[in-house]
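Only one structure is covered here, and it is reproduced in the block below.
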Amino acid sequence: MRKVNLRVEIAGITLKNPVVLQSGCFGYGEEYRDLIDINRVGAVVTKTITLKPTAGNPPPRFVETAAGLLNSIGLANVGIKAFLKEKLPYLKKFSTPVIVSIAGKKKEEYLELVQILNREEIAGIELNISCPNIRKKLIVGQDELETFHLIKAVRRKTKLPLLVKLSPNVTDITKIAKSAEKAGANILSLVNTFSAISVDVETKAPKLGGVLGGLSGPAIRPIALRMVWQVRKVTSLPIIGAGGILSCNDALEFIIAGANAVGLGTVIFINPHAAQEIITGLKRYLSRKGIYDVNELVGSLHEKTS
Amino acid sequence: MEMLKEIARIAKSHRIFCQVSLEEHMACGVGACQGCVVRMKKNEYKRVCKDGPVFNSEEIAW
């Protein structure tokens with residue numbers, strides 16, 4: 001097999017390969033100690049961390065739907081203090097870049113988190129501006145101006161690469177993407193989960209304790225893919241594309257549509273070995289196609305012009 | 001859950017120490033996703049997969 005290059009550089013972060021373990025599904029990493037070798041993946045994004053410990057939403061927190069998973073976790077996490085003391089040291093043992101995902105109830109909380117993280121040796125910060133499971137009328141990532149102001153304010157406080165996780169629950173994702181770029185984001189990560197609901201017809205109650213949840217899994221893949229394709233057309237920023245990727249073929253779709261790297265989430269629950277399988281599959285595909293470098297594949301979609 | 005709740009109530013009324021083995025929908029099963037939680041009396045959530053599945057019945061916020 002011809003030697004191919006899987007190395008990707010996004011905003012100064014070097015990934016061994018374009019496979020990223022996305023925020024949430026991978027916890028703090030240590031839980032998967034026996035199942036996933038962190039050294040072999042491109043990067044890891046931690047569970048979203050908040051300033052104070054967050055208990056999360058009332059159970060049930062999961063419902064399975066057709067080809068999908070509906071969750072209402074509600075950003076349950078240990079808080080920044082315990083995260084730095086108890087969780088981050090494990091992730092830093094590996095040669096893989098660690099990106100810390102953060103969320104705040106207001107701008108000041110994001111800024112405080114960023115200032116704390118500036119002192120840490122991490123590869124970057126991901127701003128989660130799109131969690132659908134927090135009870136607010138409008139989340140930051142659904143408004144162009146709010147997105148702009150938050151990122152702009154955070155940008156002034158840190159030199160670390162800034163990733164922004166975009167919400168798919170918008171009319172036009174390209175507008176939010178452009179806002180994020182203008183405000184100084186370095187990498188766009190898309191998409192977060194789709195706001196959704198499921199009903200128990202016997203009790204006539206919502207199946208989730210949090211009523212609304214976020215839909216992920218293969219059910220959302222073609223829509224997520226469409227959004228990556230759209231955003232690629234309006235930005236030159238690196239994109240981490242995600243949404244229901246299960247196999248190497250799925251990952252290739254995202255890369256060809258314009259993603260520089262792909263994010264794995266829900267698949268980790270189904271097949272913890274997915275990352276390794278996708279990495280091996282990418283090598284085989286590139287070799288078979290006679291493409292030396294995975295970067296050549298990014299945005300290589302042939303579009304017929306009519 | 002309702003049956004376990006009733007057993008916990010009966011055990012308590014007879015001052016019998018009771019433990020219950022809970023089930024919840026799980027996604028990861030290794031403690032990462034925070035999905036299979038049950039609410040405890042101290043207003044905290046515990047994971048059925050890692051912190052349980054067996055809990056002292058009096059600790060649970062039935």
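Scanning residues 5 or more positions from A:Ala76 or on other chains, those with amide H under 5 Å from its amide H are A:Asn57, with H placed 1.01 Å from N in the peptide plane.
Taking the protein assembly as shown, the Cys residues with no second Cys beta-carbon under 4.7 angstrom are A:Cys25, A:Cys131, A:Cys248, B:Cys18, B:Cys36, B:Cys49. Once the C-beta distance of A:Lys233 and B:Ala11 is scaled by a Förster radius of 45 Å, the resulting FRET efficiency is 0.10 to the nearest 0.05. Projecting the Cα atoms of A:Val78, A:Ile240, A:Leu111 onto the dipole axis of the protein assembly as shown, where Lys and Arg carry +1 and Asp and Glu carry -1 at the beta carbon, places A:Leu111 farthest toward the positive end.
Ordering B:His14, A:His273 by the number of other Cβ atoms within 10 Å of each residue's own Cβ, fewest first, gives B:His14, A:His273.
Considering only A:Val8, A:His149, A:Leu188, the residue lying farthest towards the positive end of the dipole of the protein assembly as shown is A:His149, judged by Cα position with unit charges set on Cβ. Which of these, A:Pro168, A:Pro59, A:Pro97, has the largest mean-square fluctuation under a Gaussian network model of chain A (Cα springs below 10 Å)? Largest GNM mean-square fluctuation: A:Pro59.
Estimated from helical segments only, the mean residue ellipticity of chain A at 222 nm is -8000 deg cm²/dmol, where each DSSP H run of four or more residues counts as -39500 (n - 2.57). Here A:Lys182 is the anchor, and the aspartates and glutamates within straight C-alpha reach of less than 19 Å, apart from those fewer than 8 places off in the same chain, are A:Glu126, A:Asp143, A:Glu144, A:Glu146, A:Asp172. Each Cα pair under 8 Å and six or more residues apart adds its separation to the average, and for chain A the resulting relative contact order is 21 percent. Measuring r between the beta carbons of B:Lys41 and B:Met3 and using R0 = 30 Å, the FRET efficiency lands at 0.90. Ranked by how many other Cβ atoms sit within 10 Å of their own Cβ, fewest first, the residues B:Met40, B:Met3 fall in the order B:Met3, B:Met40.
Each of the chymotrypsin sites (Phe, Trp or Tyr not before Pro) that DSSP puts in a loop and that has at most 16 other Cβ atoms within 10 Å breaks chain A; the longest unbroken stretch is A:95-291. Taking θ as phi - 60° and the Karplus parameters 6.51, -1.76 and 1.60, the scalar couplings of segment A:289-303 work out to 8, x, 9, 6, 10, 4, 4, 5, 7, 4, x, 8, 4, 7, 10 Hz in sequence order, x denoting glycine and proline. Projecting label points 7 angstrom from Cα along Cα→Cβ for B:Ala61 and A:Lys93 puts them 3.4 nm apart.
Here A:Lys107, A:Lys52 are placed in order of increasing Cβ neighbour count within 10 Å, fewest first, which gives A:Lys52, A:Lys107. With an a/c value of 1.5 or above and a/b not larger than b/c for the gyration tensor axes a ≥ b ≥ c computed over the alpha-carbon atoms, segment A:8-92 is described as oblate.
Between A:Leu301 and B:Leu22, the simple spin-label model (points 7 angstrom out along Cα→Cβ) gives 4.4 nm.
Given Cα pairs under 8 Å that are at least 6 residues apart, what percent is the relative contact order of chain B? It comes to 34 percent, rounded to a whole number. For segment A:184-220 and segment A:281-306, compute the distance between their C-alpha centroids and round to whole Å. Cα centroid to Cα centroid, the span is 32 Å. Projecting the Cα atoms of A:Ser23, A:Ile36, A:Thr50 onto the charge dipole of segment A:8-69 (Cβ charges, centred on the Cα centre) puts A:Thr50 farthest toward the positive pole.
Three principal axis extents of segment B:2-59 based on alpha-carbon atoms, in descending order, are 38, 21, 16 Å.
Build a GNM of chain A with springs between Cα atoms under 10 Å apart, and of A:Glu64, A:Glu202, A:Glu126 the one that fluctuates most is A:Glu202.
Restricting the trypsin sites (Lys or Arg not before Pro) of segment A:205-306 to loop positions (DSSP other than H, G, I, E, B) with no more than 14 neighbouring Cβ atoms within 10 Å leaves A:Lys304. Along segment A:65-79 the Karplus relation, 6.51 cos²θ - 1.76 cosθ + 1.60 evaluated at θ = phi - 60°, assigns HN-Hα couplings of 10, 4, 6, x, 10, 9, 10, 9, 7, x, 6, 4, 7, 7, x Hz to successive residues, with x for each Gly and Pro.
Bear in mind these aren't lab numbers, they're just calculated from the coordinates by the rules spelled out. These numbers were taken from a predicted model, which means no experiment stands behind them. No Cβ is skipped: glycine too gets one built from the backbone with ideal geometry, and neighbour counts run over all protein chains shown.
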